[in-house]
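A.B. asks: Have a look at this one.
The values are calculated or read from the model by the stated rules, or taken from the named source; none is laboratory data. Just so we're clear, the structure is a prediction, and the values are computed from it rather than from any experiment. Here the Cβ positions follow ideal geometry from the backbone for every residue, glycine too, while neighbour counts run over all protein chains shown. With ligands, DNA and RNA removed, areas are computed over all heavy atoms of the protein, side chains included. Shrake-Rupley method; radii C 1.70, N 1.55, O 1.52, S 1.80 Å.
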Amino acid sequence: TTTSGTCFTDGPGAHGNNERCTINVLRNGFLSVVGPFVIETCCDYFTVGTSTTRLTTPAQLNNRAVVAGTPLNWRSDGSVTNAGFTICASSTMAPTMAPTVAPTRSPTPAGTFFCGFNTPVA
C-alpha cells in the first residue's frame, strides 16, 4: 500500500503470513521508517536490490540510500504476525538524534525471562 507515492506500508493492522512484495524505487533518495516498526526480526525482512542481506530493524533501513530502478523486497514467514511498518523515501537524509545523556540500563524485574532461555533473572 502506498501513500502519496512517497511512503509504503504493509496495510492496516498486522502484516500477514507469507507476504511477498516488491516496491520499485522510482527516484534516487533515502529511506526512513515512520511510526511503529514491528516485525519478527528472525524471520521477516527486507532486502534491497540483488543483496541477500536481511534488513530487520529501523536502524538498518533509516537513511539507506536507494537508486531509481532498485527493488526493495519485503517477505514475512508463515507463523507470527505483528503491527507492521511504514517506510518513506525522500531526496534528503532524515535528521538523526544524538543522545543527550548516556544510556542507562533499567533494572530487570525479578521473574523476567529472556527469549531462548528458561532461567529467570534473579
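A.B. asks: Pull out all pairs, ordered by first then second residue, where Cβ-Cβ is under 8 Å, the residues are six or more apart or on different chains, the first lies in the range 44-64 and is outside any loop (DSSP other than H, G, I, E, B), and the second is small (Gly, Ala, Ser).
C.D. replies: Close Cβ pairs satisfying both conditions: LEU61/SER32.
A.B. asks: Within the range 10-26, work out how many residues are open to solvent by 40 Å² or more (accessible area, probe 1.4 Å) and assigned to a strand (DSSP E or B).
C.D. replies: Applying the first criterion (open to solvent by 40 Å² or more (accessible area, probe 1.4 Å)) to the range 10-26 yields 12-14, 17-22, 24, 26.
Next, only the ones that are assigned to a strand (DSSP E or B) stay: 20-22, 24.
Here the count works out to 4.
A.B. asks: Quick one: SER32 ticks every box in (1) assigned to a strand (DSSP E or B); (2) surrounded by fewer than 13 Cβ atoms within 10 Å (Cβ to Cβ); (3) of a type in the set (S, T, N, Q) bar one, so which box is it?
C.D. replies: The number of the failed condition is (2).
A.B. asks: Would you be able to tell me the number of residues in the range 44-68 that are open to solvent by 60 Å² or more (accessible area, probe 1.4 Å) and over 19 Å from THR9 (Cα atoms)?
C.D. replies: Looking only at that region, the number is 4.
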